[in-house]
Amino acid sequence: MSEQTSTGRYLTEAMRQKLNELAPRYPTKQALTLPALHLVQDRYRCIPPEAIVEIAEFLELAPAQVLDTMTFYGSFFRTPDAPLGQFRIWVCRSLPCSLCGGEELLHKVCHRFGVEPGGTSQDGKVTVEPAECLGACELAPCVWVNGEVVKVTTDADLDQLYERLQAGAIGESAQ
Ligand code: FES
């Protein structure tokens, strides 16, 4: 799903308009880099290299500045040949969650969805990623799916999560 629009550009007119609307809320154009990256990734499920150049041109930055911002955060995917799935599962493996089995849970979740950590299922539905603290340590080991915290402590919970995702019944789905 990383194809360009009919205009041959990744940053669509609607995205440009949205960024222009957001601009007054940000102190500098550079501060719009994150919203721009999110708009592109929400649509294409990755950030193609050409999109980095387009964002840089639109925000009057060097492509390296956009790339710097993008690579600082772990939430952006750079690989058009392996874009994000419709559902993004993050499994926390920071210390509190690790002590409660976060690492083991990551591998269980990967196994259940048939992917390696960081990988996307063959049907393009699910990407499973390791994460740092997700801010819900009281639910350790913490799992996030498209912004929703999901309790996965038993195999039955994992089966239920699998069924919910197959049915598309969780969190915000991809655009
Ligand atoms: S350490 Fe896992 S959610 Fe905080």
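Please treat every number below as a calculation from the coordinates, not as lab data. Keep in mind that what you see is a predicted model, and the values were worked out from it rather than measured. Quick reminder, even Gly has a Cβ in these numbers, built from the backbone with ideal geometry, and neighbours come from all protein chains shown.
Under a 5 Å amide H cut-off, with hydrogens placed 1.01 Å from N, Ile89 pairs with Thr127, Val128, Glu129 among residues at least 5 apart or on other chains. Only the Cβ atoms of Lys and Arg (+1) and of Asp and Glu (-1) were treated as charged; on that basis the dipole of segment 13-72 about its Cα centre amounts to roughly 220 debye.
For segment 74-144, the Kirkwood hydrodynamic radius from C-alpha pairs, put into Stokes-Einstein at 37 °C and a viscosity of 0.692 mPa s, yields a diffusion coefficient of 270 µm² per second. Partnerless cysteines in the chain, where a partner means another cysteine C-beta under 4.7 angstrom, comprise Cys46, Cys100, Cys110, Cys133, Cys137.
What the Cα convex hull of segment 5-108 gives, in volume per residue, is 130 Å³.
Only aspartates and glutamates eight or more places from Lys108 in sequence, or on another chain, were considered; those with a Cα closer than 18 Å are Glu116, Glu129, Glu132, Asp155, Asp157, Asp159, Glu163. Expressed as a fraction of 2.2 N^0.38 Å, the value expected for a compact globular protein of N residues, the C-alpha radius of gyration of the chain is 1.11.
Dipole magnitude for the chain: about 260 debye, using +1 per Lys or Arg Cβ and -1 per Asp or Glu Cβ, origin at the Cα centre.
How many angstrom lie between the Cα centre of segment 97-150 and the Cα centre of segment 4-55? A separation of 28 Å, based on Cα centres.
Its relative contact order, with pairs defined as Cα atoms under 8 Å and 6+ residues apart, puts segment 13-72 at 30 percent. Residues whose amide H falls under 5 Å from that of Val152, counting only those 5 or more places apart or on a different chain, are Val143, with hydrogens built in the peptide plane.
Entry note, segment 40-175: relative contact order of 23 percent, from Cα contacts under 8 Å with a spacing of 6+ residues. If you add up the charges near Phe58, with Lys and Arg at +1 and Asp and Glu at -1, over every other residue whose beta carbon is less than 13 angstrom from its beta carbon, what do you get? Residues close to Phe58 contribute a combined charge of -1.
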